[in-house]
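Below is one structure; the comments refer to it alone.
Readers should treat all values here as calculations from the given coordinates under stated rules, not as data from a laboratory. In this text the structure is predicted, and so the values were computed from the model without any measurement. A quick note on method: Cβ atoms are made from the backbone with ideal geometry, for glycine too, and the neighbour counts reach across all protein chains shown.
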Amino acid sequence: MKHTERTAPWSLKIPVWSLAGYVCILYPLVHWVLRDPHRGSPWVGPVYFGGVLIALLASRKVTLLQLGFHAGARGRDIAIGLVPAVLVVVTVPLLDWFIEASGLAQSELFAGAENRGMAQPGLLSLLMSFAGRVLAVPLVEQLYFTGFLLPALLRVVKPTTAIYIAAAVFTLVHFELKLSLFLIGLICSGFYYWTGSLWASVVFHAGCALGGMLVAFYYPRVVTFLAFLF
């Protein structure tokens, strides 16, 4: 299957200025007001970028079709993202099983690993967390960084450079230098350039988010195995 090159009808100035507003003004302001960097701040980015997208869509400067949500080959593109997403999700319990079956769970390396996880939430909290982390956040972030920023970059730089820049920006905007974030950004950008749509990128990102939830709530000792990602 040949890749589909998609460049944006909008200039790079719009995503650059909206990114500058978040990085230079909103994010520092929220951290200064909240004091605690872990309270509420993980949702600031998705809410801000979602607001930017809503404003752009309402003003008809962009459309969902231009951002990558078109019906052509939708099933194929979803399948492209679903296969690696399922692999990510399934790998988490498999790694935990391997840790137990191999006897590594009794080693000093994994001592106290079960205490690293977050307290398991109730059903309502779990559903809300799933809706936010696995559905809403991947959708908003892929719309903005892959559907909005990447096509604008493709107008001014070579595709490979654009993909790496988009992945780097995706990582840096989270203010956490994690290899996992960079890989998600890189793979999702690659999917977009390859398929010409956002379906594969959104599905893959959602799968990674679900895998992260499984690690946080149910399989915390897997973090020791994947420390280089987290």
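Taking the mean number of other Cβ atoms within 10 Å as a proxy for protection, how do you rank 193-204, 208-219 from highest to lowest?
Taking the mean over residues of other Cβ atoms within 10 Å, the ranking is 193-204, 208-219.
Among Arg35, Arg133, Arg76, whose mean-square fluctuation peaks in a Gaussian network model of the chain (Cα, cutoff 10 Å)?
Highest fluctuation of the listed residues: Arg35.
How high is the relative contact order of the stretch 13-225? Use alpha-carbon pairs under 8 Å, at least six apart in sequence, and give a whole percent.
33 percent
Mind checking which helices in the chain clear 15 Å along their axis (Cα) and have mean Kyte-Doolittle hydropathy of 1.6 or more, DSSP H runs only?
Working: long enough: 44-58 (21 Å, 2.05); 74-101 (40 Å, 1.32); 159-173 (21 Å, 1.75); 179-195 (24 Å, 1.51); 199-217 (27 Å, 1.65).
In the chain, the long hydrophobic H runs are 44-58, 159-173, 199-217.
Would the stretch 115-222 count as rounded, prolate or oblate if I go by the C-alpha gyration tensor, calling it rounded below 1.5 in a/c and otherwise prolate when a/b exceeds b/c, oblate otherwise?
Numbers: a/c = 2.76, a/b = 2.00, b/c = 1.38.
Note, shape of the stretch 115-222 comes out prolate.
Taking the beta-carbon count within 10 Å as an exposure proxy, list Ile54, Ile80 from fewest neighbours to most.
Ile54, Ile80
Once you charge only the Cβ atoms, +1 for Lys and Arg and -1 for Asp and Glu, what is the size of the charge dipole of the chain about its Cα centre, to the nearest 20 debye?
Numbers: 15 positive and 9 negative charges, 176 e Å.
That gives a dipole near 840 debye.
How do Leu179, Leu143 line up, fewest other C-beta atoms within 10 Å first?
In order of increasing Cβ crowding within 10 Å: Leu179, Leu143.
Mind jotting down the distance between the C-alpha centroids of the stretch 172-230 and the stretch 59-90, whole Å?
Each part's Cα centre sits 16 Å from the other's.
Among Leu94, Leu172, Ser129, flag the residue with its Cα farthest along the positive direction of the charge dipole of the chain, charges on Cβ as +1 for Lys/Arg and -1 for Asp/Glu.
Leu172
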